[in-house]
Amino acid sequence: MYEHIDMKKTGILLKYRIEKAGYTVKDIQKILQLSCPQPIYRWFKGMILPSVDHLYVLSRFLKVHMEDLMKQLKLLTLEKRKNRLKSSISAFL
């Protein structure tokens, strides 16, 4: 879904930061004025990401930058991509 964001690791990071700051899911639900806690649990499972508005509010409460609440996928270097492509081609020959 999001090409450069590791949703699973982002969910784990969000859960860790929220718990480390002493907040519960119920607290976050109230802070973000969510009608139910399910979106928060979906964030934690890496199923969805918080909206930009929610990331902003979370970053303020957790005293971190918004970018620090998300984990990027490790992109393969060009050299590694070339090697994988060569290996794939070799397998067909």
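The values are calculated or read from the model by the stated rules, or taken from the named source; none is laboratory data. Quick caveat: nothing in here was measured; it's all calculated off a predicted structure. Heads up, the Cβs are rebuilt from the backbone with ideal geometry, glycines too, and the neighbour counts pull from every protein chain shown. The area values use the complete protein model at the heavy-atom level, side chains included, leaving out ligands, DNA and RNA. Shrake-Rupley method; radii C 1.70, N 1.55, O 1.52, S 1.80 Å.
A compact table of results
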| read-out | value |
| --- | --- |
| Subset of 15/71; 9/45; 8/71; 8/30; 26/71; 45/71 violating a 20 Å alpha-carbon distance limit | 8/30; 26/71 |
| Solvent-accessible surface (1.4 angstrom probe) belonging to residue 18, in square angstrom, nearest 10 | 0 Å² |
| Under 18 Å from the residue 45 label point (7 Å along Cα→beta-carbon), backbone N, the range 7-23 | 7-16 |
| Total charge dipole magnitude, the range 7-60, about the Cα centre, Cβ charges on Lys, Arg, Asp, Glu only, Debye to nearest 20 | 200 debye |
| Accessible-area value, residue 7, 1.4 Å probe, nucleic acids and ligands omitted, Å² | 30 Å² |
